[in-house]
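To start, the structure itself, in structure tokens.
The values are calculated or read from the model by the stated rules, or taken from the named source; none is laboratory data. No experiment lies behind these values; they were computed from the predicted model shown. When we count neighbours, we look across all protein chains shown, and the Cβ atoms used for this are built from the backbone with ideal geometry, even at glycine.
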Amino acid sequence: MGNLRGSGKTEDDGQNAVPLRARRLLIICILGAALAVSAFVALLVGTLGPIGPGVPERISFSEAFKAIFGTSSYHWVFWNIRLPRVLLAGLVGAALACSGTAMQAVFRNSMADPFVIGVSSGGALGAAFAVLLGLGTAMSIFVRPTFAFMSATIAAFSVYLLGSVRGKVYVDSLLLSGVAVAAFLGAMVSFLIYFARQVYSQLIFWLLGSLTLASWDIVEILAIPVLAGVVVIFLYGRDLDALLLGEETAHNLGANPELLKKMMLFVSALLAAAAVAFTGIIGFVGLIIPHISRLIVGSNHRTLVPAATLSGAIFLIWADTLARTVIAPVELPVGIITALCGGPFFLYLLRKNSKGRDR
């Protein structure tokens, strides 16, 4: 697969005079700057800050800057509550968007999403089981995420085994297996919730997607798999480009389609499972962001992967900022915000694909 990683000098057979590398670098730099600005502004927005509802207290910009860069009575709030939450939102958004980008390339289906393979339902089952056993409160805060991560990973690889025959992955079978496994696990979650009435409040925010668990420990733990997964998917960007042309074409270009699909499914599943384990079900990020990024930068995965990763981080930072301020002092689960954005977008894609089949 290594011989597919050479870079071209120009795009569209010389029609665009700007070197491809320069265009990539410019786009990534702009998105990187937008991410930095978004993260900083999100720090200032909230129930405590110079921007936002001003409930319970509004402070001036100078007081906020002093709290962030110096010392004040608000220093702890910004550095131990607000900043970890912004960073966690960025990491989760990056993980889901990058995972969705790889999934759409592997499935060659624009409607593919990390949760198609049952990751979210698997994570929900693990979290519900931990809460039902009383482990989420009696022990470390990492117990519930650990259960969620293990069950999400098991669900992903169960779908893989069901969707493959003699070691060969069949995309249609994989998608159908994912739908079936997700439905079954969803029924199991409902069953556990029925018996966990007394602790249902512990599950509701997790099932709807929330970043309330944000802490420096979680940020440090999640950063490792997210950064590693993004780097791996980026390095195989050329091979994903070849896979989009068809498995036979990819093989003729020197790629190993079966090995590539297994590797990308593995990395994508772990990225999504890691995100789900700490934040719950945050849907549609892996569906929306790759599409928008593809419209901006094209389908070349050496550009698309970093662009989608940065865009996913930006999107979820703003979605979470809206979730914690729109009806302050009450906080909405961020999964509601992403679902409100993603639901209409999904219907649009479904309608668009249906029209394409009619032609």
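Observations on the structure shown:
- Scanning region 243-259 for residues that are crowded, with 21+ Cβ neighbours inside 10 Å and within 24 Å of the chain's Cα centre (by Cα) returns a single hit, Leu243.
- Just one of (1) under 18 Å from Ser151 (Cβ atoms); (2) among the polar types (S, T, N, Q); (3) free of Cβ contacts under 8 Å to residues at least 40 places away in the same chain fails for Asn252. It is (1).
- Lone unmet requirement of (1) crowded, with 21+ Cβ neighbours inside 10 Å; (2) more than 19 Å from Ser190 (Cα to Cα) for Phe147: (2)
- When Leu207 is tested against (1) farther than 17 Å from Arg302 by Cβ; (2) crowded, with 23+ Cβ neighbours inside 10 Å, only condition (2) is not met.
- Single residue of region 69-117 satisfying the filter (of a type outside the set (S, T, N, Q) and assigned to a loop (DSSP other than H, G, I, E, B)) that is farthest from Leu48 (Cα to Cα): Arg108
- Residues that are under 30 Å from Ala105 (Cα atoms) and modelled with pLDDT of 80 or more, drawn from region 174-188: Leu176, Ser177, Gly178, Val179, Ala180, Val181, Ala182, Ala183, Phe184, Leu185, Gly186, Ala187
- Condition check for Val37: modelled with pLDDT of 85 or more and surrounded by 14 or more Cβ atoms within 10 Å (Cβ to Cβ): no
- Reported count of residues in region 262-302, each being farther than 26 Å from Gly342 by Cα and at pLDDT 85 or above, is 1.
- Among residues of region 49-68, those that are outside any helix (DSSP H, G or I) and hydrophobic (A, V, I, L, M, F, W, C), counted: 3
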